[in-house]
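Following: one structure in structure tokens, then a few remarks.
What follows is calculated from the coordinates using simple rules that are stated; it is not laboratory data. On a predicted model such as this, the values are computed, not experimentally measured, just so you know. Methodologically, a virtual Cβ is constructed for each residue, glycine included, from the backbone with ideal geometry; neighbour enumeration extends over all protein chains shown.
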Amino acid sequence: MRLILHGGAGPWEKDNHPQVLDGMKRALIAGWEVLRGGGSALSAVEQATIILEDHPLFDAGFGSFLNDMGEVEMDALITDGRNRDFGAIAAVMQVKNPITLARLIMQNSGHRFFVGAGAEKLAVDYGLRLVPNVSLVTEEEFIAFQHRLTNADAVIPPGRGTVGAVALDSVGHIASATSTGGSPHKKKGRVGDVPIYGAGGYSDDRYGGASSTGLGENIMRHVLSKQVVDRIAAGVSATEAAVSAAEEVAAHIPDPEVGVIALDADGRLGASHTTAHMPIAWIDAAGDLHTAMTGPYPLEA
Ligand code: ASP
């Protein structure tokens, strides 16, 4: 069994590092409890992601960045390595835990990807309660949004990131989850990499799984998560796969601002980022818990 999480690639304000890592740790413990209880990789990545979606310091669920119309618009993707399956949603505005809706869509809808009001209608059909958009807005983000509105050259403050998880369960299944409020002050209707299967996340029990973060436009162009798993399938370690795939993006796009976490079918972990930080949390082979703000990370080879 293995579990690795990320809290978003980007610059993170130093003052926030302890709270960020504490949030990551709590999410890791929640996901690990699922795995230790014999739960599936899918349930573990969902559970860990829910904790991070509910945490105000991450750009997913409560705490999402506002778009240029002052709204929270969220995207999420869950992938199931058993049969290369996925569920995705985009531009959802009234769902507290988008990752749960993505899973329900994969398992129940007969389809795989829903957007906006249609996704929210399904949420109601599946018994999820819709929440007011404003209930997902933190006071800090509301103040920052107002500042951006009146200051065309306002600098987006560092901190808050997309969240992601990859797990290997006791019977060898691999799953990934990725959830985001998107990039800060994005145009309404803009969708990034997160819900795009193979870009925001990917898993295949035979090889491994990955979850990406950073500038979605660059991640989509390189289908980053699938790239990482393809490299593992070709025989390199999860660490090498994550590092070389991120380097390839950087070779094509200067300062691409991307990051990725990965694990392989043997439970070896990998993570890499081209940004100042990418908080991650992981459980090692001995079952010990670790967190780190910035790579290179002391993961297994
Ligand atoms: N990848 C996300 C997006 O472009 C943002 C992030 O990971 O920070 O929507």
Fill in the blank from the handout: Hydrophobic long helices for the chain, i.e. whole DSSP H runs reaching 20 angstrom or more by Cα along the axis with Kyte-Doolittle mean at least -1.0, come out as 17-36, 238-252
Problem - Taking 153, 193, 15, 59 and counting other C-beta atoms within 10 Å, the order from fewest to most - result: 153, 15, 59, 193
Exercise for the section: List the relative contact order of the chain as a percent without decimals, with contacts defined as Cα pairs under 8 Å and 6+ residues apart. Expected result: 24
Exercise for the section: Would you mind getting me the FRET efficiency between residue 26 and residue 251? Use the beta-carbon distance for r and R0 = 35 Å, nearest 0.05. Expected result: 0.45
Fill in the blank from the handout: Sorted on mean Cβ neighbours within 10 Å (highest first), peptides 101-110, 5-14 come out as 5-14, 101-110
Fill in the blank from the handout: Over all pairs of different Cα atoms in the chain, the reciprocal of the mean inverse distance gives a Kirkwood radius in Å of 18.3
Practice task
Report, ordered by chain and residue number, the aspartates and glutamates lying within cross-link reach of residue 187, taken as a straight Cα distance under 18 Å and ignoring same-chain residues fewer than 8 apart.
Solution key: 59, 68, 71, 73, 75, 141, 153, 217
Fill in the blank from the handout: To the nearest 0.05, the calculated FRET efficiency linking residue 124 and residue 82 through their beta-carbon distance, R0 being 41 Å, is 0.90
Exercise for the section: Averaging sequence separations of C-alpha pairs under 8 Å and six or more residues apart, then dividing by the length of the range 181-237, give the relative contact order as a whole percent. Expected result: 33
Practice task
Starting from the Cα gyration tensor of the range 157-301, take the square roots of the eigenvalues, sort them a ≥ b ≥ c, and report rounded, prolate or oblate (rounded when a/c is under 1.5, otherwise prolate if a/b is larger than b/c, else oblate).
Solution key: prolate
Handout entry: Between the range 90-144 and the range 219-290, the alpha-carbon center distance in angstrom
Key = 28
Practice task
Largest first and to the nearest Å, give the Cα extent of the range 122-236 along each principal axis.
Solution key: 52, 38, 22
Practice task
Could you tell me which of rounded, prolate or oblate describes the range 5-80, using a ≥ b ≥ c as the square roots of the eigenvalues of the alpha-carbon gyration tensor, with rounded for a/c under 1.5 and, failing that, prolate when a/b is larger than b/c and oblate otherwise?
Solution key: oblate
Exercise for the section: Could you tell me what % of all Cα pairs in the range 1-155 have separations over 25 Å? Expected result: 34
Exercise for the section: Just subtract the alpha-carbon distance of residue 233 and residue 108 from 0.36 nm times their residue separation and send over the number in nm, one decimal. Expected result: 42.0 nm
